[in-house]
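*Asks:* Have a look at the structure that comes next, please.
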Amino acid sequence: GYFEVVNYSFIGEKWFDDLLIPANDTLRNVVKLLNPISEDMAVLRTFLLPSLLENARNNFNYKVQDIKIFEIRRVYNANSESSLPEERRHVAGLIMGENAFAYNFRPRPFDFFDIKGDVEGICELMAVPDVRFMRPDPVPPFLHPGICAEIRVQDHVIGLTGKLNPLVADSLKIDENIYLFELDLELLNQYVATLQ
């Protein structure tokens, strides 16, 4: 039920402020472009969620308020030991608004269990065992402190999920009923390989 989006690998550094990410967070460990097209495309993204939030904002501004989107792409972290960045493949998803295919086909607002079920479905399709959802410590600042979880396999964090922090939704001027997830596909693949 998700639509795939394909975004540029570049974002603006302003996204880190918009998402309330502290200055010392590893998500700010960016690769800066020497000749960026614009300030909005000045760094390689370290995670996919800013791009999905931009997609959600564009749809919301055009009065498309019920969406389910995902993206599978590489993310880039600056590497102090090499001139080349560390590249990893991630999958991220975002749902916003109402679930039109709820029980009895009566639309209802999306909730945490919708996005959690979708993450469980991905892990089940990939035959990843023992997936657990645990309270993150610390809670990522862009997620709602009471409605979020780390996704763990064998005590390793492979991703996160939860509701967008209302403060972030307000600053971005988008719907508050947004749920997100992001998974490290390379870590997921390691756990698939252990089953064979």
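The values are calculated or read from the model by the stated rules, or taken from the named source; none is laboratory data. The shown structure was predicted, so the numbers you read here are calculated from the model rather than taken from an experiment. Every residue, glycine as well, gets a Cβ built from its backbone with ideal geometry; the counts of neighbours run over all protein chains shown. The accessibility values were calculated without ligands, DNA or RNA, using every heavy atom of the protein model including side chains. Shrake-Rupley method; radii C 1.70, N 1.55, O 1.52, S 1.80 Å.
*Asks:* Which residues, counting only those in the stretch 50-65, are closer than 24 Å to residue 108 by Cβ and either touching a residue at least 24 places away in the same chain (Cβ under 8 Å) or under 17 Å from the mean Cα position of the chain (by Cα) (or both)?
*Replies:* Within the stretch 50-65, 52, 53, 55, 56, 57, 59, 60, 65 qualify.
*Asks:* Follow-up. How many residues does the stretch 1-24 hold that are charged (D, E, K, R) and touching a Lys or Arg at 6+ places or on another chain (Cβ under 9 Å)?
*Replies:* Qualifying residue count for the region: 1.
*Asks:* Could I ask something else about it? Looking only at the stretch 1-28, count every residue that is within 20 Å of residue 174 (Cα to Cα) and either in a loop (DSSP other than H, G, I, E, B) or touching a Gly at 6+ places or on another chain (Cβ under 8 Å) (or both) and tell me the total.
*Replies:* Within the stretch 1-28, residues that are within 20 Å of residue 174 (Cα to Cα) and either in a loop (DSSP other than H, G, I, E, B) or touching a Gly at 6+ places or on another chain (Cβ under 8 Å) (or both) number 8.
*Asks:* So, in the stretch 102-133, exactly how many residues are closer than 27 Å to residue 167 by Cβ, more than 17 Å from the chain's Cα centre (by Cα) and free of Cβ contacts under 8 Å to residues at least 60 places away in the same chain?
*Replies:* Of the residues in the stretch 102-133, the ones closer than 27 Å to residue 167 by Cβ are 107-119, 133.
Retained after the next criterion (residues that are more than 17 Å from the chain's Cα centre (by Cα)): 107-109.
So of that shortlist, the ones also free of Cβ contacts under 8 Å to residues at least 60 places away in the same chain come out as 107-108.
So the count comes out to 2.
Table: residues versus (1) aliphatic (A, V, I, L, M); (2) in contact with an Asp or Glu (Cβ under 6 Å, 6 or more places away or on another chain); (3) at positive phi.
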{"residue": "57", "(1), (2), (3)": "no, no, no"}
{"residue": "63", "(1), (2), (3)": "no, no, yes"}
{"residue": "96", "(1), (2), (3)": "yes, yes, no"}
{"residue": "104", "(1), (2), (3)": "no, no, yes"}
{"residue": "119", "(1), (2), (3)": "yes, no, no"}
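*Asks:* For residues that are surrounded by fewer than 20 Cβ atoms within 10 Å (Cβ to Cβ), touching a residue at least 12 places away in the same chain (Cβ under 8 Å) and farther than 18 Å from residue 162 by Cβ, tally how many sit in the stretch 6-21.
*Replies:* Within the stretch 6-21, residues that are surrounded by fewer than 20 Cβ atoms within 10 Å (Cβ to Cβ), touching a residue at least 12 places away in the same chain (Cβ under 8 Å) and farther than 18 Å from residue 162 by Cβ number 8.
*Asks:* Residue by residue through the stretch 27-39, note down the ones that are out of contact with any strand residue (DSSP E or B) (no Cβ under 7 Å at 6 or more places or on another chain) and open to solvent by 70 Å² or more (accessible area, probe 1.4 Å).
*Replies:* 34, 35, 37, 39
*Asks:* Is it the case that residue 68 is open to solvent by 70 Å² or more (accessible area, probe 1.4 Å), touching a residue at least 12 places away in the same chain (Cβ under 8 Å), within 23 Å of residue 143 (Cβ to Cβ) and not hydroxyl-bearing (Ser, Thr, Tyr)?
*Replies:* Considered against the rule, which asks whether it is open to solvent by 70 Å² or more (accessible area, probe 1.4 Å), touching a residue at least 12 places away in the same chain (Cβ under 8 Å), within 23 Å of residue 143 (Cβ to Cβ) and not hydroxyl-bearing (Ser, Thr, Tyr), residue 68 comes out as no.
*Asks:* Looking at the stretch 40-50, which of its residues are open to solvent by less than 90 Å² (accessible area, probe 1.4 Å) and farther than 17 Å from residue 143 by Cβ? If you could, list the steps in order and put the result at the bottom.
*Replies:* Initially, the stretch 40-50 is screened for residues open to solvent by less than 90 Å² (accessible area, probe 1.4 Å), giving 41-50.
Correct list: 41, 42, 43, 44, 45.
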